[in-house]
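Trainee: So that we are looking at the same thing, I have put the structure below in structure tokens.
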Amino acid sequence: MTALLLAIDDFNVAQNVAFGIIAFMMIVAALKVVTTNNVVHAALWLVLVLAGIAAQYILAAAEFVAISQVLVYIGAVMVLFLFGIMLTRAQIGKESGLNNKGWALGIPVALLLLGLMGYVIIDAYEDTVLPDRGPAPTEALSDQFLSIYLLPFIALSFVLLAAAIGAIVLARKD
Amino acid sequence: MLVVNFLLLAAVLFCIGVYGVIARRNAVLVLMSIELILNSVNLNLIAFSLMHGSVDGQVFALYVIAVAAAEVGVGLAMVLMIYRNRRSIALDELSEMKG
């Protein structure tokens with residue numbers, strides 16, 4: 001794979017180094033999310049993973065999706081998570097009993113899945129190089145949304161409305 | 001850049017999320033692991049969108065983001081209701097419907 005990388009004409013070193021650093025940070029943070037003993041810390045590590053994903057979107061020339069990721073996930077979903085944690089728990093510090101009794105079963109399942117997916121991905125896309133296109137204009141995205149994807153777009157707004165009303169009904173006191 | 005970079009990163013995140021769903025007992029932590037899984041799928045969609053040079057993948061990614069936001073809202077409302085009724089959100093205690 002190294003020889004292939006050197007053979008690419010427009011091999012962008014800075015892009016690859018940035019990808020590697022952000023990917024390493026994201027994997028460490030994701031492991032902390034699923035292993036830490038403190039629920040609040042898990043939420044804060046999750047912020048790091050979501051921010052890393054937004055950075056990867058920018059590297060992959062998807063600016064609008066990156067901005068939506070920051071607005072929706074880091075802005076709204078994380079606040080919801082923190083509200084959920086605060087409303088369902090009295091104590092804030094470390095806590096035991098966050099894991100199931102059979103938690104060790106998850107390790108072989110995850111490793112097996114990773115091995116399978118890694119084999120398939122490398123087998124299928126080993127030498128596919130991402131073309132060096134500029135960022136997709138947001139105009140193109142809105143053209144798609146308002147032409148062929150218009151019906152799912154409207155349906156999605158009803159899904160969001162139903163979810164909001166459902167959440168209010170579920171969480172009401174009486 | 002190689003497309004394998006993005007796909008392998010997404011696969012690693014997906015597997016970490018699957019481990020979290022299996023191993024965690026606290027309902028809020030399980031919801032966080034589900035967010036990890038959804039985000040890894042989004043990363044795949046963006047990588048394929050760049051590879052094929054069309055914005056359809058980005059459109060799908062935006063749909064996934066919106067559905068994930070709705071899912072978190074409803075999920076946390078349900079967790080809140082379970083906590084109010086039972087004073088605990090441990091998932092292994094919710095086994096009344098087991099035969």
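Trainee: Determine, yes or no, whether A:I27 is part of a helix (DSSP H, G or I) and under 14 Å from the mean Cα position of the chain (by Cα). Working first, answer last.
Mentor: Details: part of a helix (DSSP H, G or I): yes; under 14 Å from the mean Cα position of the chain (by Cα): yes.
Criteria met by A:I27.
Trainee: What number of residues in region A:10-31 are surrounded by fewer than 17 Cβ atoms within 10 Å (Cβ to Cβ) and either closer than 20 Å to A:A76 by Cβ or of a type in the set (K, R) (or both)?
Mentor: Number satisfying all stated conditions: 0.
Trainee: What are the residues in region A:127-174 that are touching a helix residue (DSSP H, G or I) at 6+ places or on another chain (Cβ under 8 Å) and among the charged types (D, E, K, R), if any?
Mentor: A:D127, A:R133 - these are the residues of region A:127-174 that are touching a helix residue (DSSP H, G or I) at 6+ places or on another chain (Cβ under 8 Å) and among the charged types (D, E, K, R).
Trainee: Filter region A:113-123 down to the residues that are exposed (fewer than 12 other Cβ atoms within 10 Å of the Cβ) and either under 23 Å from the mean Cα position of the chain (by Cα) or in the same structural domain as A:T35 (by TED's automatic domain parsing) (or both) and list them by number.
Mentor: Residues of region A:113-123 that are exposed (fewer than 12 other Cβ atoms within 10 Å of the Cβ), as a first pass: A:119, A:123.
Of everything in region A:113-123, just one residue is exposed (fewer than 12 other Cβ atoms within 10 Å of the Cβ) and either under 23 Å from the mean Cα position of the chain (by Cα) or in the same structural domain as A:T35 (by TED's automatic domain parsing) (or both), namely A:Y119.
Trainee: Go through (1) more than 18 Å from the chain's Cα centre (by Cα); (2) free of Cβ contacts under 8 Å to residues at least 24 places away in the same chain; (3) not in a loop (DSSP other than H, G, I, E, B) one by one and return the number of the condition B:L36 breaks.
Mentor: Looking at each condition in turn, B:L36 falls short on (1).
Trainee: Residue check: is B:V12 crowded, with 17+ Cβ neighbours inside 10 Å and modelled with pLDDT under 95? Quick ask: steps written out before the conclusion?
Mentor: Working: crowded, with 17+ Cβ neighbours inside 10 Å: yes; modelled with pLDDT under 95: no.
The answer is no for B:V12.
The values are calculated or read from the model by the stated rules, or taken from the named source; none is laboratory data. Just so it is clear, the structure is predicted and the values come from calculations on it, not from any experiment. No Cβ is skipped: glycine too gets one built from the backbone with ideal geometry, and neighbour counts run over all protein chains shown.
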